[in-house]
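Novice: Before I ask anything, let me first share the structure, which is written out below as structure tokens.
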Amino acid sequence: KVYVACQSMLIVLVGAVPEYHIDQEGIPTSRAELGKHIHFADNFTSIVTEASTSWYLIEQEAYKVSLASSLFFAGLLIGNITFGPLSDKLGRKPVYISGLFFDVVFGYVTALAPNYDTFAVSRFFVGIVNGGMALVSFVLTQEYVGKSFWSFTGSLTNLTFAVGIAVYALLGYCVREWRYLALVSNTPGVIFLLLSFMLPESPRWLYSQGKTAEAEDVLQYIALGNGKERLNLKLKPSAGTLRKDDSAPGILNLVKHPVLRWQTIILMYIWYVCSFVYYGLTLNAGELRGNLYLNVALSGLVEVPAFPLCMFLIEKSWSGRRKTMACFLIFAGFACIFTMFLPTNAGLLLSPTLLALCGKMMVSAAFNIVYIYTSELYPTVLRNAGLGVCSMSCRFGGILAPFVPSMKSLSPSVPFVVFGISGLSAGFLTLLLPETLNKPIAESIEDLQSPKYQVLKNEEAE
């Protein structure tokens, strides 16, 4: 997740716009001519200041920075919708490793891009493999442990993403040349790729596919790694094991089954809002007053307190997953809306920047919970497909988010009002979903027929 964070936040520093002025002597007739008249004030470089092939993404070309960011999120959309079903069919580990390999390759293409077009296209492909690989790795992490640990492992996984943002800000502070920064932030992917070959396949996926012997071997491997003695383990055949003439469950099953259908529609909107507000506030860190690197680091570090708070609340019977996520989204919405009532020259304790950081903390907490919550709502055979579809809608929020900060030209508070209304609406919609705390995890679609799995009707179940 540290590597994923560096790739996701790359454009925040690599696309930063330093202060500049253009000489009034003579009127530049071309992009190459413009280089003789423009002077940048800050001591860092970015794709905005890139002189080779005359990038100079300012004035009429400034939209290309947001476009490159949106292309990355468009790639995430495709990666989420394709990698999920692939990993449900082919297995978690091979799809994850393949995605990480191509992520590293396209990451180096980004750093060495000779022109803007190559840079933008490489960001699109990085988005595809980065989003798909990150999604599968999250599911893989969850399926290595029992359900009682899902809130812990899910929170810890997302916590490292927040730490990754701060690490990237530190790298950006130390490495001011954007190409070197892109190279340095991409190189850890090589290390993680080599380490990933040591990982076993998901025992839950093996079991759901009827490969009980292989699942038993993985469980024995994990037990021995935990210092346990060799277990006398024998798994019962899964109720949802596929017969040879059956086809694997696919995305259409999310529409066919009424419980899954309404659940998916609501979750898709919640994921969209979480991404829209989260990335909007994160990318807006480059627009806030003050030190660029400090703002980016704070936007990551402010998330850290949210995760222990999440882990505490979602395990309590009086709050659980649903109420906790709804409250975080609603509080994030109010935090963003209240910025319109504060003057920009207010003190630190009443500054819009502080409220924006509070909103970021709240929505990151909700984002963390929605990963765990969604994993528990879908059966194992459809877990990646369900997460993939939800993540697909989430990426629409990421695609739109880079352009929202530009709405400050209408009024400085407009972007925050947009984020606030979105957060409030998603928070109230969350209350329509069921609670999954202390409820069993479905392994197959057949399990959903049992009353204890009728999650949208759980008030009527025992």
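The values are calculated or read from the model by the stated rules, or taken from the named source; none is laboratory data. Quick caveat: nothing in here was measured; it's all calculated off a predicted structure. Every residue, glycine as well, gets a Cβ built from its backbone with ideal geometry; the counts of neighbours run over all protein chains shown. Protein only, heavy atoms only, side chains kept; ligands, DNA and RNA dropped before computing areas. Shrake-Rupley method; radii C 1.70, N 1.55, O 1.52, S 1.80 Å.
Novice: Between Ser425 and Leu171, what length comes free when the chain is fully extended (0.36 nm per residue of separation minus the Cα-Cα distance, one decimal in nm)?
Specialist: Here the segment from Ser425 to Leu171 would lengthen by 87.8 nm.
Novice: Looking at this model, which pairs from Lys323/Lys439; Lys211/Lys236; Lys93/Lys256 are more than 19 angstrom apart at the alpha-carbon?
Specialist: Over 19 Å Cα-Cα: Lys93/Lys256.
Novice: Order the peptides 228-235, 324-331, 96-103 from the highest to the lowest mean number of other Cβ atoms within 10 Å of their residues.
Specialist: 324-331, 96-103, 228-235
Novice: Now a separate question. What order do you get for 162-173, 187-198 when each peptide is scored by the mean count of other beta carbon atoms within 10 Å, highest first?
Specialist: Most protected by this proxy first, the peptides run 162-173, 187-198.
Novice: How much length is gained on full extension from Leu294 to Thr187, taking 0.36 nm per residue of separation minus their Cα-Cα distance?
Specialist: 36.2 nm is the gain from fully extending Leu294 to Thr187.
Novice: With a Cα-only, solvent-free Debye model of segment 76-160, what are the log10 I(q)/I(0) values at q = 0.14 Å⁻¹?
Specialist: Taken in order of the listed q values, log10 I(q)/I(0) reads -0.53.
Novice: With a 1.4 Å probe and all protein chains in place, put Glu303, Glu216 in order of accessible area, largest first.
Specialist: Putting Glu303, Glu216 in descending order of accessible area: Glu216, Glu303.
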